[in-house]
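Working notes for the structure below.
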Amino acid sequence: MVNFRLITKFFTILITLSIMFFSIMCSDIILLIGPSCAGKSTLAKELIKVLNKEKEEWKRIDLDECEETIINLIESSNQILKDGKNVIIDTNIYEKKMEKNLEGKNEIIKVLVSAPLEILLSKR
(Lines give C-alpha, C1' and ligand atoms only; values in the text may rest on other atoms or scores of the structure.)
Protein backbone atom coordinates (compact mmCIF):
# COMPACT_ATOMS: atom_id res chain seq x y z
CA MET A 1 0.00 0.00 0.00
CA VAL A 2 1.30 3.48 -0.89
CA ASN A 3 1.42 6.08 1.85
CA PHE A 4 0.30 9.28 0.09
CA ARG A 5 1.13 11.46 3.11
CA LEU A 6 4.81 10.50 2.81
CA ILE A 7 4.82 11.09 -0.95
CA THR A 8 3.12 14.48 -0.52
CA LYS A 9 5.61 15.43 2.20
CA PHE A 10 8.53 14.34 -0.01
CA PHE A 11 7.39 16.44 -2.99
CA THR A 12 6.61 19.41 -0.76
CA ILE A 13 10.15 19.24 0.65
CA LEU A 14 11.62 18.79 -2.85
CA ILE A 15 9.74 21.81 -4.26
CA THR A 16 10.61 23.92 -1.21
CA LEU A 17 14.30 23.02 -1.50
CA SER A 18 14.27 23.81 -5.24
CA ILE A 19 12.77 27.25 -4.63
CA MET A 20 15.16 27.85 -1.75
CA PHE A 21 18.19 26.83 -3.85
CA PHE A 22 17.19 29.19 -6.66
CA SER A 23 16.78 32.03 -4.15
CA ILE A 24 20.13 31.24 -2.54
CA MET A 25 21.89 31.61 -5.87
CA CYS A 26 20.71 35.25 -5.87
CA SER A 27 21.72 36.03 -2.29
CA ASP A 28 24.81 36.43 -0.14
CA ILE A 29 23.26 35.97 3.33
CA ILE A 30 21.22 33.03 4.65
CA LEU A 31 19.78 33.39 8.13
CA LEU A 32 18.86 30.05 9.76
CA ILE A 33 16.67 30.68 12.79
CA GLY A 34 15.35 28.11 15.23
CA PRO A 35 15.66 26.46 18.63
CA SER A 36 18.71 24.52 19.78
CA CYS A 37 18.87 20.97 18.40
CA ALA A 38 16.48 21.73 15.52
CA GLY A 39 19.09 20.93 12.87
CA LYS A 40 20.31 24.44 11.91
CA SER A 41 24.01 23.56 12.10
CA THR A 42 23.54 20.33 10.16
CA LEU A 43 21.56 22.16 7.47
CA ALA A 44 24.20 24.93 7.32
CA LYS A 45 27.05 22.42 6.90
CA GLU A 46 25.22 20.58 4.12
CA LEU A 47 24.30 23.84 2.35
CA ILE A 48 27.94 24.94 2.46
CA LYS A 49 29.06 21.68 0.85
CA VAL A 50 26.63 22.19 -2.03
CA LEU A 51 26.96 25.97 -2.41
CA ASN A 52 30.76 26.04 -2.36
CA LYS A 53 30.63 23.84 -5.48
CA GLU A 54 28.13 26.13 -7.23
CA LYS A 55 28.99 29.69 -6.30
CA GLU A 56 31.45 31.88 -4.46
CA GLU A 57 32.73 30.77 -1.09
CA TRP A 58 30.22 30.44 1.78
CA LYS A 59 31.12 30.49 5.47
CA ARG A 60 28.99 29.50 8.46
CA ILE A 61 28.89 31.51 11.66
CA ASP A 62 26.84 30.85 14.75
CA LEU A 63 25.87 32.73 17.88
CA ASP A 64 28.16 30.61 20.10
CA GLU A 65 31.23 31.75 18.12
CA CYS A 66 30.25 35.38 18.80
CA GLU A 67 30.03 35.20 22.58
CA GLU A 68 26.25 34.94 22.23
CA THR A 69 25.58 38.59 21.41
CA ILE A 70 23.71 39.83 18.36
CA ILE A 71 26.09 42.77 17.91
CA ASN A 72 29.12 40.43 17.71
CA LEU A 73 27.22 38.17 15.32
CA ILE A 74 26.44 41.12 13.03
CA GLU A 75 30.03 42.42 13.14
CA SER A 76 31.51 38.98 12.41
CA SER A 77 29.04 38.42 9.57
CA ASN A 78 29.85 41.80 8.04
CA GLN A 79 33.58 41.00 8.20
CA ILE A 80 32.97 37.76 6.28
CA LEU A 81 30.99 39.73 3.67
CA LYS A 82 33.76 42.36 3.42
CA ASP A 83 36.24 39.53 2.79
CA GLY A 84 34.21 38.69 -0.32
CA LYS A 85 32.53 35.58 1.06
CA ASN A 86 28.86 34.77 1.56
CA VAL A 87 27.56 33.93 5.01
CA ILE A 88 25.17 31.45 6.58
CA ILE A 89 24.15 32.69 10.03
CA ASP A 90 23.04 29.97 12.44
CA THR A 91 21.14 31.46 15.37
CA ASN A 92 18.35 30.80 17.85
CA ILE A 93 17.80 34.53 18.41
CA TYR A 94 16.32 36.86 15.82
CA GLU A 95 16.10 40.61 16.07
CA LYS A 96 14.97 42.99 13.33
CA LYS A 97 18.17 45.03 13.77
CA MET A 98 20.11 42.10 12.32
CA GLU A 99 18.62 42.71 8.89
CA LYS A 100 19.13 46.46 9.09
CA ASN A 101 22.81 46.14 10.04
CA LEU A 102 23.95 43.28 7.83
CA GLU A 103 25.86 44.65 4.85
CA GLY A 104 24.92 42.15 2.16
CA LYS A 105 24.34 43.29 -1.39
CA ASN A 106 21.19 41.25 -1.90
CA GLU A 107 18.07 40.13 -0.09
CA ILE A 108 18.57 38.12 3.10
CA ILE A 109 17.07 34.65 2.95
CA LYS A 110 15.44 33.76 6.28
CA VAL A 111 14.79 30.09 6.99
CA LEU A 112 12.91 28.96 10.08
CA VAL A 113 14.25 25.56 11.16
CA SER A 114 12.15 23.54 13.57
CA ALA A 115 11.71 20.00 14.79
CA PRO A 116 8.93 18.14 16.59
CA LEU A 117 9.01 18.55 20.36
CA GLU A 118 9.79 14.85 20.89
CA ILE A 119 12.97 15.17 18.82
CA LEU A 120 14.06 18.37 20.55
CA LEU A 121 13.56 16.78 23.97
CA SER A 122 15.40 13.60 22.99
CA LYS A 123 18.49 15.57 21.90
CA ARG A 124 18.88 17.44 25.17
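The values are calculated or read from the model by the stated rules, or taken from the named source; none is laboratory data. All figures in this text were calculated on a predicted structure; none of them were measured in a lab. Counting neighbours? That spans all protein chains shown, and the Cβs are built from the backbone with ideal geometry, glycine included.
Glu68 fulfils the conditions (1) part of a helix (DSSP H, G or I); (2) at pLDDT below 80 except for a single criterion, (1).
Of the residues Asp64, Asp90, the single one that is touching a residue at least 12 places away in the same chain (Cβ under 8 Å) and of a type in the set (Asp, Glu) is Asp90.
Could you grab me the full set of residues in the range 65-123 that are under 26 Å from Val50 (Cβ atoms) and among the hydroxyl-bearing types (Ser, Thr, Tyr)? If the condition is that a residue be under 26 Å from Val50 (Cβ atoms) and among the hydroxyl-bearing types (Ser, Thr, Tyr), then Ser76, Ser77, Thr91, Tyr94, Ser114 are the ones that fit. Does Asp83 satisfy being within 17 Å of Pro35 (Cβ to Cβ) and charged (D, E, K, R)? Spelling it out, it is not the case that Asp83 is within 17 Å of Pro35 (Cβ to Cβ) and charged (D, E, K, R).
Residue-by-condition table, conditions (1) polar (S, T, N, Q); (2) at pLDDT 75 or above; (3) out of contact with any helix residue (DSSP H, G or I) (no Cβ under 6 Å at 6 or more places or on another chain):
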site	(1), (2), (3)
Ile24	no, no, yes
Leu43	no, yes, yes
Lys49	no, yes, yes
Asn86	yes, yes, yes
Glu95	no, yes, no
Lys100	no, yes, yes
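Among what's in the range 48-69 and is more than 16 Å from Gly104 (Cβ to Cβ) and not acidic (Asp, Glu), pick the residue that is nearest to the chain's Cα centre (by Cα). Break it down into steps so the answer makes sense when it comes.
Kept after step one, since they are more than 16 Å from Gly104 (Cβ to Cβ), are these residues of the range 48-69: 48-50, 52-54, 62-69.
Subsequent filtering for residues that are not acidic (Asp, Glu) retains 48-50, 52-53, 63, 66, 69.
Details: Ile48: 10, Lys49: 13, Val50: 13, Asn52: 15, Lys53: 17, Leu63: 12, Cys66: 16, Thr69: 18 Å.
It comes out as Ile48.
What about Leu81, is it within 18 Å of Lys110 (Cβ to Cβ) and modelled with pLDDT under 85? Write out each step before concluding.
Numbers: within 18 Å of Lys110 (Cβ to Cβ): yes; modelled with pLDDT under 85: no.
No: the conditions fail for Leu81.
Between a first residue in the range 27-48 that is polar (S, T, N, Q) and a second residue that is surrounded by 15 or more Cβ atoms within 10 Å (Cβ to Cβ), which pairs have beta carbons less than 6 Å apart while being 6 or more apart in sequence or on different chains? Listed by first residue and then by second, the contacts come to Ser27/Ile109; Ser36/Asn92; Ser41/Asp90. You will find that of Asn78, Asn92, Asn106, Asn72, the residue that is more than 22 Å from Cys37 (Cβ to Cβ) and surrounded by 15 or more Cβ atoms within 10 Å (Cβ to Cβ) is Asn78 and no other.
Exactly one residue among Ile93, Ile48, Ile89, Ile61 is part of a loop (DSSP other than H, G, I, E, B) and under 22 Å from Ser114 (Cα atoms), and that residue is Ile93.
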